[in-house]
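In what follows, a structure is listed as structure tokens, so that the remarks can point back to it.
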Amino acid sequence: MTSASELRSGKGDRDENFPVASWIIHPRHRALILAYYNFVRTADDIADHSTLPADQKLSYLDLLEAELLGKGDTQAEAVILRRALAERGMAPRHALDVLIAFRMDVTKLRYETWDEVIHYCRYSAMPVGRFMLDVHGESTSTWAASDALCAGLQINNHLQDCGKDFRELNRVYLPRDALAASGASVEELGLTQSPPAMLACLQSLAARNEALLDEGRSLAAEIRDVRLGVDVAVIQAYADRIVRLLKVRDPLRERVHLNKFELLTFSLAGMIGELGRRAIGRKAISRPGTAHDA
């Protein structure tokens, strides 16, 4: 069997909607985070491979899982992650979870409801946030906000790439009931511009996703690690900007992504905002109480 590495798309951490192991994160965590990212990216590329038959995709995903659990040493991404996790004494649960999502990508091409999409995000996106929190030793009480933010990031991506996913993979993450409510059809995703009904559907889903992202807005403040909190604030700023664009633009007609200037602008805004919030919080804690002085 070909090494899973040879099935990589060429997409890397710099192509994502969010920073992966950015310079903001403490250097001691970056090797582990990149090992996790490369494992997830490889599995994702297998599931999305344009010519590989479904049974072979599932075989590769099974092989990655087996080697992550110590049964073999032929797949570099699995071996490197296994060893990196072992060094930290961490279980592979968050890597095993994403494999569930990638198997769904192979076998499930349509979603009936928003709740079904959220269930997919439970395995495709939420484990990534939980992994980052575990790496930094954060409390599991942060998971609820993290799950909302990560699901929102995933759905942003679904909306951005809805045409490409349909044309290249015949995969549609837009819920059937949302399409039906707007009077849109799946086949319209193959067009170069959304008809009014499809555009209404896409923009209503973006508005719903904006509310989901709002549920994750407390995450940066809940995180104790300053660097991770700042990184999350930057990611939230990116996500907020993208979902605002999706509410007014047509992803079938134009690429809805942040340009370099926007990336810089929203990175700085997220960093300054979070550092400022933490500084104000520290001053409030250290300032003598006025009520007892009276």
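The values are calculated or read from the model by the stated rules, or taken from the named source; none is laboratory data. Note that the structure is a prediction, hence the values are computed from the model and not measured. Positions of Cβ are backbone-derived with ideal geometry, glycine not excepted, and every protein chain shown enters the neighbour counts.
Quick check on this structure: which one of D231, D240 is over 30 Å from S194 (Cβ atoms), assigned to a helix (DSSP H, G or I) and out of contact with any strand residue (DSSP E or B) (no Cβ under 6 Å at 6 or more places or on another chain)?
Among D231, D240, only D231 is over 30 Å from S194 (Cβ atoms), assigned to a helix (DSSP H, G or I) and out of contact with any strand residue (DSSP E or B) (no Cβ under 6 Å at 6 or more places or on another chain).
Please enumerate the residues belonging to the range 73-89 that are part of a loop (DSSP other than H, G, I, E, B) and of a type outside the set (D, E, K, R).
If the condition is that a residue be part of a loop (DSSP other than H, G, I, E, B) and of a type outside the set (D, E, K, R), then T74, Q75, G89 are the ones that fit.
Does Y60 count as in the same structural domain as E187 (by TED's automatic domain parsing) and hydroxyl-bearing (S, T, Y)? So that I can check it myself, show each step before the final result.
Working: in the same structural domain as E187 (by TED's automatic domain parsing): no; hydroxyl-bearing (S, T, Y): yes.
In short, no.
Does G152 meet the test of being in contact (Cβ under 8 Å) with a residue 12 or more places away in the chain, part of a helix (DSSP H, G or I) and surrounded by 23 or more Cβ atoms within 10 Å (Cβ to Cβ)?
In short, yes.
How many residues are more than 17 Å from Y120 (Cα to Cα) and not in a loop (DSSP other than H, G, I, E, B) when one looks only at the range 132-144?
7
For residues that are surrounded by 16 or more Cβ atoms within 10 Å (Cβ to Cβ) and within 30 Å of E274 (Cβ to Cβ), tally how many sit in the range 161-207.
Residues in the range 161-207 being surrounded by 16 or more Cβ atoms within 10 Å (Cβ to Cβ) and within 30 Å of E274 (Cβ to Cβ): 4 in total.
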